[in-house]
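Here, each number is a calculation from the coordinates, and none is a lab measurement. This structure is a prediction, so every number in the text was calculated from the model and none was measured. Cβ sites come from the backbone with ideal geometry, for glycine too, and all protein chains shown count toward neighbours.
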Amino acid sequence: MLNYAYAILRAVIARSLTASGLLPIFGIHHYNKYNAYALADDIMEPYRPFADEIVRDLTEKYYSENNKTVLALTPEIKKELLQIPVIDVIIDGKSS
């Protein structure tokens, strides 16, 4: 679930960077000739804890203590994870 959440976050940020005319291949802290989205990886770092919290909440919601079933990435969970780009995030008192 974390990988899926990070992929959503990375795609949204890469799309926004490209739409703004920036090249996501040129990162600040992330750099690798095989990483086409190094700048997107840099920009998404502050938002990772929010994705982590959403995944933790979903894990608690869907994990059954009685059955102890392994969680699968179902369409229902994917649908909830796709809400990541529209969640209001407050950092230093500013909403984003």
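For this structure, a couple of remarks:
- The mean sequence distance of close C-alpha pairs (under 8 Å, at least 6 residues apart), as a share of the length of the chain, puts its relative contact order at 29 percent.
- Spin-label pair Y63-Q83: with each label point 7 Å from Cα along the Cα-Cβ axis, the two points sit 2.0 nm from one another.
- Overall, the ratio between the Cα radius of gyration of the chain and 2.2 N^0.38 Å, rounded to two decimals, is 1.24.
- Rounded to 10°, Cα long-axis angle of helix 2-19 versus longest principal axis of the chain: 30
- With the simple model of a label 7 Å out from the Cα in the direction of the Cβ, I91 to S16 spans 0.9 nm.
- Relative to the longest principal axis of the Cα atoms of the chain, the long axis of helix 48-62 lies at roughly 20 degrees.
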